[in-house]
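Visitor: A single structure is presented below for examination.
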Amino acid sequence: MRSSAVAVLLLAAAVSLPADEGMWLFNQFPAERVKAKYNFEVTSQFLDQLRAASVRFNNGGSGSFISPHGLLFTNHHVGADCIQKLSSASHDYMAGGFYADTQAEERACPDLEVNKLLKIDDVTARITEGTAGKNPAAAERLRKANIAHAEKACSVETGNRCEVVPLFSGERYHMYQYHKYTDIRLVFAPEYDIAAFGKDPDNFTYPRYCLDFALFRAYENGKPAESGPYFRWNPRGARDHELIFVSGNPGSTGRLATVAELEFDRDVLYPLMLDHAKSIVHTLLDYSAESPEHARQAVEALESQQNTLKAFSGFERGLLDPALIAQKRTEEAGLRRKIDADPKLKAEFGGTWDRIAGAYREYRGIVVPLQLLEIRAPRASNLLRLARIVVRYAAETPKPNGERLREFRDSSLPAIRQQLASTAPIYKPLEIAMLSGYLSFLEQRLSPADPTVKAILAGKTPARAAADYVNSSHLDDPAARLKLSASEPAVESCADGMIRLALLLDKPALELRRQWEDTGNAVLVDAQAKVARARFVVDPHEYPDATFTLRLTYGEVKGYRNGKGKWVPWTTRLEGVYRKATGKDPYVLPPSWLKAKGVLDPVTSFNFVSTADTHGGNSGSPTLDRNARIVGILFDGNIEGLPNRFVYTEAQARSVHVSSWVILEALRKVYHADRIVTELGMPVEEGN
């Protein structure tokens, strides 16, 4: 998007809050705004239905129940992790798709968990009890201990997954209770070529033609789960200018961030993250080029990393736009003037922004090693991620619950054990390639003379060191992982290559983490919560930044005029995918679609756009009409919408959805998935 266009959009956003803005908590939904703009009354019953039928896929996406018997609806790219893990050289379900013609043929995912939100309680007083008057580091340690105690007590009492979620930068804390499903089975997935038609070149663009959906089923006690509330199907999908709702779990946003934080992200954090993402993509592309089997092994990881690279490139473009930063400066200066004008407010909040800026100045000194050794290391390879879990599980679980690293609290242990027990395949040649790329990046960014780098490489090249660590490891065996994780002495004396690497990383990584958490981050938690309280004084109707918890957004199905001034219609039609198909990657249609061309309705709505305010993590969110019927599924946003991470605009930014119409058309006529069509409550033949 051109800078001048951004300036116009940001000015419009500053003049009045767009009616469709907001990733709203279910217990604080602005029903009056929807009533005023769309003349539709959002009742408590409507909200309860949307909450109860929506789910969270714990690998980073959203979904919903669409039958009374546990049938789950999400994106193909959300389900791709399971689809890839179930695939093999002889049964490539990513390339060829998957359909369980009978219930007995539904395939169990190795390590997928799905959560349904049951209840939200405000536990702010309980979490902040005893913190008043303490220094930031002591207060933060006490909050963490209180969170661990509250989560454990909730889990023991209810048997549910319980998570304390900080909202408004820690100004409030809510307890989210979830019913968890750990037996999730694949029911249907289209071929990758149509699910991701256009692939990376078309990612974050529109018009699109992606059949980005997949179906799973939740099981309990070996039988399909009884879903309770579920969403019914609208066979004709959305219509132009229709009001729609999107219920899902956006991952994170930065709309409440201070200018100091945005400048830090722009100047320091995002360049580092982008360089690392580029390095991973380069590694995966090189590996994929070596053979068709290597390409099959890497396809899901490559798609994920290319998506990350493109998304953060878009976020960075937003922060590099002077108009966006200028708007943020103006908003922050206005708030600070109002605080300074009131002696009581100034006494409470004055100087808070300067404390935040100071913390980010301190962070600049350790951000590179902290990111590379602690935060990004588990993303280097599956084996390194598992090795770190084994090492830390063994070290942390003997400690009192409140004194552990937060990811090893009692409430998190069942999910961790599920990861350790996963039977997902691990390909050692891919592990070597990925680990070699990580070690090369480490050597480049920390220098060959860095003590940790020297200890890890031990005079070897990154490629040689990676091969030695991987080839001398047995952590591809779930039994070996589980056995080791039960004993810290066994871990400390273990000769396994990946365990030795994890131990070499762990000491400096944890030292950096504790240094940051006890100093700069402790200041940030305290100061950012104060900024949030100050904002409430001025505007008590704000919504919190995204936290990968259930939110509800709404908007209008609506086309737009793009950055070149060209009008972009609200929907694409099925006939268009055949015009765009070239027979060459990334515009290849599967044989099933070529065969079915003559029987498909060419005017079927394929993908469509809306003004719904969504973000990463919303992938797989059901798109619903006023009757809470499925009209589509959210799978992407357009490139113009990426700066919405920081400032919402709707003149050009759009969420992108797959129409329920094209999904039903494909299930009937391309895949002949009669069992699914019937379960959706639809006739097998159109018009019957």
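The values are calculated or read from the model by the stated rules, or taken from the named source; none is laboratory data. Please read all numbers here as calculations on a predicted model, not as lab measurements. All Cβ positions, glycine included, derive from the backbone under ideal geometry; neighbour counts span all protein chains shown.
Visitor: Residue check, GLU157 against (1) without any contact (Cβ under 8 Å) to a residue 12 or more places away in the chain; (2) in contact with a Ser or Thr (Cβ under 7 Å, 6 or more places away or on another chain), all met but one. Which one?
Guide: The one condition GLU157 does not meet is (2).
Visitor: If you don't mind, another one. Being surrounded by 15 or more Cβ atoms within 10 Å (Cβ to Cβ) and more than 11 Å from GLY437 (Cα to Cα) is the filter here; which residues of region 451-463 pass it?
Guide: THR452, VAL453, ILE456, LEU457
Visitor: Collect the residues in region 323-338 that are in contact (Cβ under 8 Å) with a residue 24 or more places away in the chain, surrounded by fewer than 19 Cβ atoms within 10 Å (Cβ to Cβ) and charged (D, E, K, R), keeping them in residue-number order.
Guide: Hits for region 323-338 are ARG329, GLU331, GLU332, LYS338.
Visitor: Can you pull out the helices (runs of 4 or more DSSP H) entirely within region 127-243 that have at least 3 residues that are assigned by TED's automatic domain parsing to the domain that holds SER659?
Guide: 192-195, 199-202
Visitor: Grab the helices (runs of 4 or more DSSP H) fully contained in region 467-575, keeping just those with 3 or more residues being hydrophobic (A, V, I, L, M, F, W, C), under 30 Å from SER169 (Cα atoms) and more than 27 Å from the chain's Cα centre (by Cα).
Guide: Fully inside region 467-575 and qualifying: 520-538.
Visitor: Ok, one more. Does region 279-288 contain at least one residue that is at pLDDT 95 or above, surrounded by fewer than 22 Cβ atoms within 10 Å (Cβ to Cβ) and of a type in the set (Gly, Ala, Ser)?
Guide: Within region 279-288, one or more residues are at pLDDT 95 or above, surrounded by fewer than 22 Cβ atoms within 10 Å (Cβ to Cβ) and of a type in the set (Gly, Ala, Ser).
Visitor: Right, here's the next one. Check off (1) more than 19 Å from ARG404 (Cα to Cα); (2) part of a helix (DSSP H, G or I) for ILE120 and give me the number that stays unchecked.
Guide: (2)
Visitor: Within 16 Å of PHE204 (Cα to Cα), in contact (Cβ under 8 Å) with a residue 24 or more places away in the chain and small (Gly, Ala, Ser): is that true of SER619 in this structure?
Guide: yes
Visitor: Any residue at all in region 261-269 that is surrounded by fewer than 18 Cβ atoms within 10 Å (Cβ to Cβ) and under 30 Å from TYR93 (Cβ atoms)?
Guide: no
Visitor: Okay, moving on. Is it fair to say ARG388 is farther than 23 Å from ILE456 by Cα and either out of contact with any strand residue (DSSP E or B) (no Cβ under 6 Å at 6 or more places or on another chain) or among the aliphatic types (A, V, I, L, M) (or both)?
Guide: Values: farther than 23 Å from ILE456 by Cα: no; either out of contact with any strand residue (DSSP E or B) (no Cβ under 6 Å at 6 or more places or on another chain) or among the aliphatic types (A, V, I, L, M) (or both): yes.
Considered against the rule, which asks whether it is farther than 23 Å from ILE456 by Cα and either out of contact with any strand residue (DSSP E or B) (no Cβ under 6 Å at 6 or more places or on another chain) or among the aliphatic types (A, V, I, L, M) (or both), ARG388 comes out as no.
Visitor: Considering only region 367-395, state which residues are out of contact with any Leu (no Cβ under 8 Å at 6 or more places or on another chain), polar (S, T, N, Q) and within 24 Å of PRO271 (Cβ to Cβ).
Guide: none
Visitor: Separate question: Hey, any hits in region 291-303 for a residue that's under 30 Å from TYR363 (Cβ atoms) and either of a type outside the set (D, E, K, R) or surrounded by fewer than 20 Cβ atoms within 10 Å (Cβ to Cβ) (or both)? Walk me through it before giving the result.
Guide: First pass over region 291-303, keeping only residues under 30 Å from TYR363 (Cβ atoms): 301.
Now drop any that are not either of a type outside the set (D, E, K, R) or surrounded by fewer than 20 Cβ atoms within 10 Å (Cβ to Cβ) (or both), which leaves 301.
Taking every residue of region 291-303 in turn, at least one turns out to be under 30 Å from TYR363 (Cβ atoms) and either of a type outside the set (D, E, K, R) or surrounded by fewer than 20 Cβ atoms within 10 Å (Cβ to Cβ) (or both).
Visitor: For region 314-345, give me the residue count where each residue is closer than 30 Å to GLY616 by Cβ and part of a helix (DSSP H, G or I).
Guide: Residues meeting the conditions: 21.
Visitor: Among the listed residues TRP593, TRP570, TRP516, identify the single one that is of a type outside the set (A, V, I, L, M), in contact (Cβ under 8 Å) with a residue 40 or more places away in the chain and over 29 Å from ILE194 (Cβ atoms). Spell out how you get there, then give the answer.
Guide: Working: TRP593 fails: over 29 Å from ILE194 (Cβ atoms); TRP570 fails: over 29 Å from ILE194 (Cβ atoms).
So the residue among TRP593, TRP570, TRP516 that is of a type outside the set (A, V, I, L, M), in contact (Cβ under 8 Å) with a residue 40 or more places away in the chain and over 29 Å from ILE194 (Cβ atoms) is TRP516.
Visitor: Does any residue of region 24-41 turn out to be touching a Pro at 6+ places or on another chain (Cβ under 8 Å), crowded, with 22+ Cβ neighbours inside 10 Å, of a type outside the set (Phe, Trp, Tyr) and not in a helix (DSSP H, G or I)?
Guide: no
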